[in-house]
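One structure below.
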Amino acid sequence: MGSYSMSQVATLTGINAHTLRKWESRYTFVQPKRTDTNIRYYTDELLRKLLNVSILHRNGFKISKIDKMSNDELHANVTEVLLKPIDGDVLTALMLCLLEMNEREFVKILDAHILNKGLLQTVSDLIYPFLNQIGVLWGIDKVMPAQEHFVSNLIRQKVVSAIDNLSLPEESASKIVLFLPENEHHEIGLLLAQYIAKDLGWNVYYLGQHVPLENLKSVQEIVQPKLMLTMFITTIPDKVKDKIEEILSNTSAHLLVAGNPINLKEKYFEERTTYVSSPLELITILQEKNSTSKNQFKNPKA
């Protein structure tokens, strides 16, 4: 934690390297430090300031005006802009909340987006890109596990609350089992799948994360589901094929597989396996597999 290269700052803020150099030569608000070998680096404090600056600049504020703002004025203008945010600005604001571990602002932004666009679109347009941005920070070792857990649990609470507010399906409704295999712990995507399936009228059996695959045979016998769904987030392509084959050997249900596309090669799939590339594709598949269901996805803002 504490130092970022110019390319890393450009990735996180959306301000390209040429612009950063130009601002550095003309204005006082962006003054990176330098190593003993004269290489620029940016501190946590400067990164947070540049995230704020990027929001104002995208919304028509002149850099010469921003340069003269105090920190209080900068934050006040950013807050005003975020009252009517565009997605790029919301994403930047969430990144600030992550770095500062600011629960109040994070929840306020998330609630406003869900109210405006609904849970499904919020997850697709905002939460997934945000989690990908966290992945950038993970890759450069600039985010603590505690920070990632902090925001992931806030997101999880929102999705779980939305699931609890849905009506129970009919007892005769089709059944789907959702699970993550062993060593897979990122369940936000799986929770969203639970929300979608339940809202579409499916009986959902949610097993959660880190499920021993040998248990699926007993689950198959007890539940007799029409579908099973799992996800592979961890980038271990060589092991994914073996896990898919083990799942299929323990169940006769059709298997839906989602997750990191790096892991999921077409050759891994057979007739009983379908790759799901997005939440909207999952909706289509579940509607087709359950064409007799009366409950269509009518209330994505629930």
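For the reader, a short list of remarks on this structure follows.
- Global geometry of segment 16-92, whether rounded, prolate or oblate, following the gyration tensor of its Cα atoms and the 1.5 cut on a/c: prolate
- The spacing between segment 1-34 and segment 159-179, judged by their C-alpha centroids, is 47 Å.
- Note on ARG34 and GLU100: with the Förster distance fixed at 22 Å, the Cβ-Cβ geometry gives a FRET efficiency of about 0.30.
- Cross-link check: pairs LYS108/LYS198; LYS117/LYS158; LYS22/LYS62 evaluated at a Cα-Cα cut-off of 22 Å; pairs beyond the cut-off: LYS108/LYS198.
- Legend: calculated FRET efficiency, GLN224 to HIS18, from the Cβ-Cβ distance at R0 = 51 Å, rounded to 0.05, equals 0.25.
- Using 0.36 nm per residue and subtracting the Cα-Cα separation, the extra length available between GLU271 and HIS149 on full extension is 40.2 nm.
- Straight-distance crosslink candidates among aspartates and glutamates, where the alpha carbon sits under 20 Å from LYS289 and sequence neighbours closer than 8 are dropped: GLU170, GLU171, ASP199, GLU270, GLU271, GLU281
- With a cut-off of 13 Å between beta carbons, the residues surrounding LEU56 carry a summed charge of +1, where Lys and Arg count +1 and Asp and Glu -1.
Each reported figure results from applying straightforward, stated rules to the coordinates on display, with no laboratory input. Remember, predicted model here, so these are calculated numbers, not experimental data. Reconstructed Cβ throughout: ideal geometry from the backbone, glycine too, with neighbour counts over all protein chains shown.
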